[in-house]
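Throughout, read-outs are computed from the coordinates displayed, never taken from laboratory work. This one's a predicted model, so the numbers in the text were calculated from it and none came from an experiment. Glycine also receives a Cβ, built like all others from the backbone with ideal geometry; neighbour counts cover every protein chain displayed.
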Amino acid sequence: MEGSITETFSKFYIMMQILLVEDNANKALKISTVLDSIANCKYETAPDATTARRLLIRSFDLMIIDMNLPERFNEVPKESKGIEFIQELKASQRLKFPTHIIGLTEFENLFEKYQSAFSEQALVLIKYDIKGMQWQSILREQISRIEKALMEDEDSGKFKADIAFIAALRTPELSALLSKNYNWIKFKLTDDPSIYFKGEIVLEDKRKITVVATSLPQMGMVSTATTTTKVISAFSPDYVIMVGICGGIKGKVTLGDVVVADLSFDFGSGKVIKDDNEQEKFEPDFKAIPLDGDFKEEIIELSTQKKMLREIKDGWKGNEVDGEINLVVGPIGSGASVIANKEYTDKILTHQRKLVAIDMETYSIFYCCEYANSPKPKALSIKGVCDYADHEKNDNIQKYCSYVSVETAEYIIKNILKFNAP
């Protein structure tokens, strides 16, 4: 659906291609004035969704779209049409999804309504002001960022990242990360089907670090290992951080807690034999990989900072979640399948009594970092507990757990990890 990064660069050096979807003639004229001031761009205007579809059989580097849009020019605009049209493009096999999208609306209620939806997809929504000029500066700044991203390393799109984030699921795990104001830019690499997001985090001392994020094409350890290997090769990160959700061990953690892995192992590693009674028996052979010792003790110390954890919970804007957040540092076991069986987790506990959580990804992250070429990155797995790895699944708090995972990761990045950023 989306052009490769090399196709984007090829188009850019001829002229950056922009589609403006706007039904209000006066507003379209003012936006056009901004676009006319940008030397390296060529734009076309569509007054409605129907016209935009006809144009989107071709690729565009950027689409600027009004939220309050009509299906056809002579029809009454619909306040949800803009966001619906973006969702339609994402699902379409025929139309070309623009490399970047900027939304515009002059209505305060629409801005508040759709701002989070745009952030979760790493898209930009700008508040248009019929009297003010600030929106023009913001629009120019966003187009400049996109222009810079398109120009960066035209041969492959690869760059050096300080941190690579990997999430198992696009929603809610990666969405929670993309909702952070890290100035995300979506991009693709040559001959790589994965979709990546490049951003920046401002540290406490005002230095900026470069981050990249992606999610897995499917859940599981093989998919995680493949994606992690690609990310390390393409971006040479100093840290690879897994964020998202996991199953916790009842009695060791509670729902909504954050778990940081101090070691990880593959609980499916071992040998299947037959015992003296010809019954099948599994002999485990867990080879654990530990968390890097440079920051392990500081993360353990972080678990005592109840005020910080309370502030994270207070920042949650969704459904009410009972209890306090605890930060638990302990072993995370990974396996090839989702576990919804307490008896199975009890068997794992007999061989790793300190186990606090299980998932399908952490061990692959640790393994790929441990055996990467030098300079190898350091692995971190920071996850929110959304169930107890038994038959009583609790999908209602997955968004909350993704949120606390990402917020804890940000705190660790800004207060514990070390960077050589200028």
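Arranged from highest to lowest average of other beta-carbon atoms within 10 Å per residue, in what order do the peptides 315-322, 135-142, 356-363 appear? Intermediate results must be reported in sequence, preceding the final value.
Values: 315-322: 10.6, 135-142: 15.9, 356-363: 27.1.
So the order, starting with the most tightly packed, is 356-363, 135-142, 315-322.
Normalising by the residue count of the stretch 5-151, find the relative contact order in percent from Cα pairs under 8 Å and 6+ residues apart.
Dividing the mean separation by the residue count of the stretch 5-151 yields 22 percent.
Size of the dipole of the stretch 5-151 about the Cα centre, Lys and Arg at +1 and Asp and Glu at -1 on the beta carbon, nothing else charged, in debye to 20?
On the way: 19 positive and 20 negative charges, 83 e Å.
Roughly 400 debye, rounded to the nearest 20.
For every other residue with a beta carbon closer than 10 angstrom to the beta carbon of residue 263, add +1 if it is Lys or Arg and -1 if Asp or Glu, then tell me the sum. Spell out each step's value before the answer.
Numbers: positive: 296, 354; negative: 262.
Within the 10 Å Cβ shell, the charges total +1.
In terms of the Cα gyration tensor, with a ≥ b ≥ c the square roots of its eigenvalues, is the stretch 5-151 rounded because a/c is under 1.5, prolate because a/b exceeds b/c, or oblate?
Values: a/c = 1.42, a/b = 1.16, b/c = 1.22.
Since a/c stays below 1.5, the shape of the stretch 5-151 is classed as rounded.
Quickly work out the residue 416-to-residue 72 label distance, labels modelled 7 Å from Cα along the C-beta direction, and quote it in nm with one decimal.
Computed distance between label sites residue 72 and residue 416 equals 6.0 nm.
Taking the Cβ of each residue in 102, 38 as the centre, tally the other Cβ atoms inside 10 Å and list the residues starting with the fewest. Write down the numbers at each step before the final one.
Values: 102 22, 38 16.
Final ranking by Cβ density, sparse to dense: 38, 102.
Please give, to one decimal in nm, the separation of the simple spin-label points placed at residue 90 and residue 33, each 7 Å out from Cα toward the Cβ.
Roughly 3.4 nm, to one decimal.
Checking the a/c ratio against 1.5 first, then a/b against b/c, what shape does the Cα gyration tensor give for the stretch 174-270? Walk me through the numbers on the way to the answer.
On the way: a/c = 1.99, a/b = 1.29, b/c = 1.55.
Oblate, since a/c reaches 1.5 and b/c is not below a/b.
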